[in-house]
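Student: Below: one structure in structure tokens.
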Amino acid sequence: MNAISPEQMQAMQQDAFSYKASDYINVIKSMVKKEDLPAGHGTIFDQLTSWDYQYKANAEMPVLFDLLYKKLVENTWDEIQVLKQNNDVNYPEAWRLLELIQSEPENKFFDNKTTGNKENAKDIVIKSVKESIDAFIKRKNEGESNKWGEYKPLHIYHLTRLPAFSEMDIAADGCPDAINATGFSFGPSWRMVISLEDKVMGHAVYPGGQSGNPASKYYKNMIDAWRKGEYYSLNLYAKPEDLSKNKTQSVILNPKK
């Protein structure tokens, strides 16, 4: 990017594109054909493979990919899953699983020892696609939301973790793999764009408010703007008296001598 405008920087900070989803789905759609899937799965699979990989709060395909990735992990690393019952063992990282699918499709970890067949990467991918679409359909049939922001809502916790002081169940764009890196209880805590013109201009927002008092209307008044990707103009003052002219509140401290 050249001659980047403040608006372009703001748009980049809201980017909810996931390279993880893009990399996985581009490999999966080269391995799975519609005839490999049960009747009724083809349309949903087409939606997944034509998805733009944007984790938008109202989008459903991020939910399907999340279900699919979990199934891939469970079906490939079943041996590790057994170990996890009694030991603190981590699964290999997402990039390693994708690398095995692409470069070592006959790796022994793809074989399920409980069956009479010898499975490979394609078998595991097809099995995982079927199971994840089944789970996706089941959620919808049981009245559960398949919108990303409701499936994986964001919680902004107070330091005490008390829900009354926190902002819970926010339907927000983004995921841990995107620039807009939101997760279960974390996200960009300070978005700021500074334009270095003759007069410096600043725009910023954070998921909270300018008052630490839960009873104040300014306690979490910026959360909705933060969720929507909106920014506030920053007040930049060169002199203390300039700040004093534009103040909205003041605190006077009278310490005992």
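Bear in mind that the values in this text are calculations on the coordinates, not laboratory data. Quick caveat, the model's predicted, so the values are computed rather than measured. Counting neighbours? That spans all protein chains shown, and the Cβs are built from the backbone with ideal geometry, glycine included.
Student: Between residue 245 and residue 158, what is the label-to-label distance in nm when each label sits 7 Å out along the Cα-to-Cβ direction?
Tutor: With each label point 7 Å from Cα toward Cβ, the separation is 3.8 nm.
Student: Could I ask something else about it? Name the residues of region 8-42 whose amide N is less than 17 Å from a point 7 angstrom out from the Cα of residue 236 along the C-beta direction?
Tutor: Only 8-10 fall inside the zone, counting backbone N under 17 Å.
Student: Also: Would you give the gap between the C-alpha center of region 26-88 and the C-alpha center of region 108-132, rounded to a whole Å?
Tutor: Between the Cα centre of region 26-88 and that of region 108-132, the gap is 13 Å.
Student: Is the C-alpha gyration tensor of region 100-184 telling us rounded, prolate or oblate? Criteria: a/c under 1.5 is rounded; beyond that, a/b larger than b/c is prolate, otherwise oblate.
Tutor: Values: a/c = 2.98, a/b = 2.10, b/c = 1.42.
Prolate, since a/c reaches 1.5 and a/b exceeds b/c.
Student: How many nm separate the modelled label positions at residue 87 and residue 185, each set 7 Å beyond the Cα in the direction of the Cβ?
Tutor: 2.9 nm
Student: Helix 94-103 versus the longest principal axis of the chain: what angle, 0 to 90°, nearest 10, using Cα atoms?
Tutor: For helix 94-103, the angle is close to 30 degrees.
Student: Follow-up. Using the Cα gyration tensor of region 154-245, with a ≥ b ≥ c the square roots of its eigenvalues, what is the shape: rounded (a/c below 1.5), prolate (a/b larger than b/c) or oblate (neither)? Mind showing how you got there, number by number?
Tutor: Working: a/c = 3.03, a/b = 1.42, b/c = 2.14.
Oblate is the answer for region 154-245, as a/c is 1.5 or above yet b/c matches or exceeds a/b.
Student: As I understand it, the dipole of region 154-245 uses +1 on the Cβ of Lys and Arg and -1 on the Cβ of Asp and Glu, about the Cα centre. Which of 178, 244, 226 lies farthest toward its positive end?
Tutor: Of 178, 244, 226, it is 244.
Student: Here's something else I'd like to know. So how do 167-179, 84-96 stack up, highest first, on mean other-Cβ count within 10 Å? All intermediate terms of the calculation are to be shown ahead of the outcome.
Tutor: Values: 167-179: 18.6, 84-96: 10.2.
Ranked from most to least packed, the peptides come out as 167-179, 84-96.
Student: Normalise the Debye intensity by I(0) for region 17-141, one equal point scatterer per Cα, no solvent, then take log10 at q = 0.19, 0.22 Å⁻¹ and round to two decimals.
Tutor: One equal scatterer on each Cα of region 17-141 leads to -1.12, -1.40.
Student: How much length would be gained if the chain were fully extended between residue 213 and residue 37, taking 0.36 nm per residue of separation minus their Cα-Cα distance, in nm to one decimal? All intermediate terms of the calculation are to be shown ahead of the outcome.
Tutor: Working: separation 176, 0.36 × 176 = 63.36 nm, distance 5.54 nm.
Stretched fully, the residue 213-residue 37 segment lengthens by 57.8 nm.
Student: Using a/c under 1.5 as the rounded threshold, could you call region 82-129 rounded, prolate or oblate? The axes a ≥ b ≥ c are square roots of the C-alpha gyration tensor eigenvalues, and prolate needs a/b larger than b/c, oblate otherwise. Please list the in-between numbers first.
Tutor: Values: a/c = 2.11, a/b = 1.24, b/c = 1.71.
Cα axes put region 82-129 in the oblate bin.
Student: Calculate one ³J(HN,Hα) per residue across region 159-171 by plugging θ = phi - 60° into the Karplus curve 6.51 cos²θ - 1.76 cosθ + 1.60, and present them in order as whole Hz with x for glycine and proline.
Tutor: In residue order, the calculated couplings are 4, 7, 6, 7, x, 5, 9, 10, 10, 10, 6, 8, 7 Hz.
Student: Subtracting the Cα-Cα distance from 0.36 nm times the residue separation, let me have the gained length for residue 168 to residue 253 in nm, one decimal.
Tutor: On the way: separation 85, 0.36 × 85 = 30.60 nm, distance 3.45 nm.
That works out to 27.2 nm of additional length.
Student: Which of the following values of Cα extents along the principal axes in Å was calculated from the structure shown: (i) 54, 36, 33; (ii) 84, 46, 34; (iii) 63, 52, 37?
Tutor: (ii)
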